[in-house]
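Structure first, then comments.
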Amino acid sequence: MEGASSPYIADTLSYQAEVVKSGENGKFAFTHKVVPESTVVYRTADGGALVLGRINFGFDGTPKAPGDKLTIGDDAAALAGGKETTTGMVLNFAESMAVYIPPTGSTDPIKLVAATRGLIGASFK
């Protein structure tokens, strides 16, 4: 599988690293979970496959110490009902993906050919 050479994967890793770096008052956890019922597979003319599906991207933040505050962006604040929390927050994103899997015997890597991410939920703990 291609790694950081994929612009989308590099952007996701950069986003997570930036959150951790700029959120010095918080502890953060990130999850990426495939939604199996959203997955469809198409055979390609070369014997490979194109896999389409959704991944739920979860972002959980908790203040490190009593009195510490976490701040969220305007888009998430509209869903959560505020910009700051001292109790923690959860952001949920939907990621739609298209992945090409080469045919058996190929030395080509699995390749992410399309992806997008959208905020679908935000709440305070």
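Things worth noting here:
- Residue within segment 14-22 that is in contact (Cβ under 8 Å) with a residue 12 or more places away in the chain and more than 14 Å from residue 99 (Cβ to Cβ) present: yes
- Of everything listed in (1) free of Cβ contacts under 8 Å to residues at least 60 places away in the same chain; (2) of a type in the set (A, V, I, L, M, F, W, C); (3) farther than 18 Å from residue 12 by Cα, the single unmet condition for residue 91 is (3).
- The set of residues in segment 85-124 that are surrounded by fewer than 16 Cβ atoms within 10 Å (Cβ to Cβ) and hydroxyl-bearing (Ser, Thr, Tyr) comprises 86, 87, 96, 104, 106, 107, 116, 123.
- Taking the criterion of being in a loop (DSSP other than H, G, I, E, B), modelled with pLDDT of 95 or more and among the charged types (D, E, K, R), the only residue of segment 4-58 that qualifies is 46.
- Matching residues, segment 40-63, being without any contact (Cβ under 8 Å) to a residue 40 or more places away in the chain and exposed (fewer than 14 other Cβ atoms within 10 Å of the Cβ): 40, 41, 42, 43, 45
- Listed by first and then second residue, the pairs with beta-carbon distance under 8 Å, at least 6 apart or on different chains, first residue in segment 94-114 and within 22 Å of residue 35 (Cα to Cα), second of a type in the set (S, T, N, Q) and crowded, with 16+ Cβ neighbours inside 10 Å, are 94/56; 95/56; 111/6; 112/6.
- Apart from one condition, residue 69 fits all of (1) on the phi > 0 side of the Ramachandran plot; (2) in contact with a strand residue (DSSP E or B) (Cβ under 6 Å, 6 or more places away or on another chain); the exception is (1).
- Taken over segment 64-75, the residue count meeting the criterion of being surrounded by 11 or more Cβ atoms within 10 Å (Cβ to Cβ) and either small (Gly, Ala, Ser) or under 30 Å from residue 108 (Cβ atoms) (or both) is 1.
The values are calculated or read from the model by the stated rules, or taken from the named source; none is laboratory data. These numbers were taken from a predicted model, which means no experiment stands behind them. All Cβ positions, glycine included, derive from the backbone under ideal geometry; neighbour counts span all protein chains shown.
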